[in-house]
Structure formats: C-alpha cells, structure tokens
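Below is one structure, written out as structure tokens; comments come after it.
The values are calculated or read from the model by the stated rules, or taken from the named source; none is laboratory data. Only a predicted model underlies this, so the values are computations on that prediction, with no experimental measurement involved. Cβ atoms come from the backbone with ideal geometry, glycine included; neighbour counts cover every protein chain shown.
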Amino acid sequence: MKKTVLLLTLLSAFNAYAKAPLPAKVTGLKMPESALQAKDGSIYISEIGEFGKDGDGQISKIDKKGTITVFATGMDDPKGLAMIGDKLYVADKNRVLEINKDGTWQVYGAQMAFPSTPVFLNDLVGDKVGNLYVSDSGTLKDGGQIYKIAKGGGTITILADSKNPDILAPNGLLMDGGNNLLEVDFESGILYRVNLATGATTKQADGFTGGDGLVRTKAGKIIISDWKNGKVYEMVKGHAKLIKEGYKASADIALMQDGKTLMVPDMKAGELDFITLK
Ligand SMILES: [Ca+2]
Ligand SMILES: [Ca+2]
C-alpha cells in the first residue's frame, strides 16, 4: 500500500517548544479535497482521483513520522472528512462512508434513507453528541441542501434546502456552539449561521466567492478558503480579509492539532500546503 515516502518534518511541528519549521508541502496527490488531523497526529487526505469517475477515489494517511500511505480505496469522489471517536467519515458524491481503523469502510446512512436525492455531498461536521451534518452543493449553483444524519447512522432529515433562498450551494460547515452551524455557500460566497432547530439562516459575512472550507482557530478567528480564486481569508468585521493567495483551487482547509498550522489542499495542483496562522 505504501506509495511513496516523503521525508516530511512533521514531527517538528508537534514540538510546541521548538521554532518548528512548517511541514513540507505534500505533492503528487490526486485532486485532494479535504484534510484532517486526528488526535494521534495522523493526517488523512481525501483524494477525488478523476472527477466524476467512480471507484478511483481514496484516502491517504500521513503518520507521525511523515510516511504517506494509501489508507482506504474504492471511493467515488471523496470530499469532506470528519472524525467521531476512532471512525472517519467522508462525504463521497451521493453517499456518506464510515471508515474503520483498518481502512475498510461501509456506507453510513444508506442512500435510500435520504429524504431527497443527494447530488453533490461536500462537507461533513459532527456535533458533540455524534450527529453528522452534511452539505450538498447541488449543481454548484443552486439546488443545494444540508442534511442531518442522526447519531449512529439513524434517521436522515433535511435541515435546510432551497425553500430558503439563502441556500444555493452549501459547502463548508462548522459547528457554532451547540445550537448553530456556520455554512459558506460556494455560489454566493456568503457565510451564514444556520439554526439547528429551525434551519433559519443569518448572514455573517460575505466576499468569499467560491467558499469551501471553514476553520475556527483557538483564538476564535474564522478562516475560510475560496476554491474558485485560490485564496484563503480570515473573516474580519463581516468581510473577507486575505491571508494567502496563489493556489490553483484551495479546497477544504483544516487546522492541525497545534492550533495554529492550517492545512490547505490545493486540489488542482495536487498538493497539501501548510501555513502558520498569526
Ligand atoms: Ca473519482
Ligand atoms: Ca468542500
């Protein structure tokens, strides 16, 4: 399974006392969409493979020594990642998969159990009790929705859909306390707070164009990637303040366990970049 070994200096990034150099950029990935660092330090990366081609998607894993291996295979177009307990969950086109510790996986929340047809499942976030929220970006212009999969892969309900005019192509999701989600729309570039009880949306900020990933730092800053323009922003006073640009397609960003290193999958470049947040 080992496809290549990269001598990443990841370990140094875990040392809070050192002036650690950033981990080296990971290259040679196949359309990476999302990354996640588990509590044990391992990094998981979803790779779409060829877009729209089924069966060629995979999850790669970088261990604490910086060795990258293929962890799970046979997916369609895997995107957002979430971890609940020791299980990894991935939004895979029109289904959600639950991946076991050994890389085997099963469909979580059968497709037939969805109350409407999932089109472009994109991001995933778990709440404290184990419910999963999943964005569906629809046509990437409209028709999107946000689903809730009850804890344990139970009932799937629609939290919000296009009956709400703010819901066009929901992409990045992030918990916002126990009663709300933050959601960025890929079409409008607007960041909303979504009430988990009612699905009602409240605009928080705009200017994120092809909004993709959402991260909250330990200091409470909200960081947002813009896939269409290859930029990463911080939300400041309701608007987008540029942090970094020059990516080909900055997809679903994630924070490392150190609380300050941002992982940026550059989908079209096939890379995972690391930047230090101030
Ligand atoms: Ca694919
Ligand atoms: Ca995404």
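I'd like the full set of residues that are among the charged types (D, E, K, R), in contact (Cβ under 8 Å) with a residue 24 or more places away in the chain and either crowded, with 22+ Cβ neighbours inside 10 Å or more than 13 Å from Tyr147 (Cβ to Cβ) (or both), limited to segment 157-175. Selection gives Asp166 alone. Scanning segment 41-56 for residues that are within 16 Å of ligand 2 (Cβ to nearest atom) and under 15 Å from Trp105 (Cα atoms), we see that the one that is surrounded by the fewest Cβ atoms within 10 Å (Cβ to Cβ) is Tyr44.
Residues considered: Lys65, Lys30, Lys53. Of these, the only one that is over 17 Å from the mean Cα position of the chain (by Cα) and modelled with pLDDT of 95 or more is Lys53. When Gly57, Gly85 are checked against the criterion of being of a type outside the set (Ser, Thr, Tyr) and near ligand 1 (Cβ under 10 Å from one of its atoms), Gly57 stands alone in meeting it.
Gly28 falls short on exactly one of the conditions (1) away from ligand 1 (no atom under 12 Å from the Cβ); (2) part of a strand (DSSP E or B), and that condition is (2). Kindly indicate whether Ile59 is within 16 Å of ligand 2 (Cβ to nearest atom) and touching an Asp or Glu at 6+ places or on another chain (Cβ under 9 Å). The answer is yes for Ile59.
The condition (being over 25 Å from Arg95 (Cα atoms) and free of Cβ contacts under 8 Å to residues at least 60 places away in the same chain) is satisfied by just one residue among Ala150, Ala197, Ala240: Ala240. Taking the criterion of being in a strand (DSSP E or B) and in contact with a helix residue (DSSP H, G or I) (Cβ under 7 Å, 6 or more places away or on another chain), the only residue of segment 238-266 that qualifies is Thr261.
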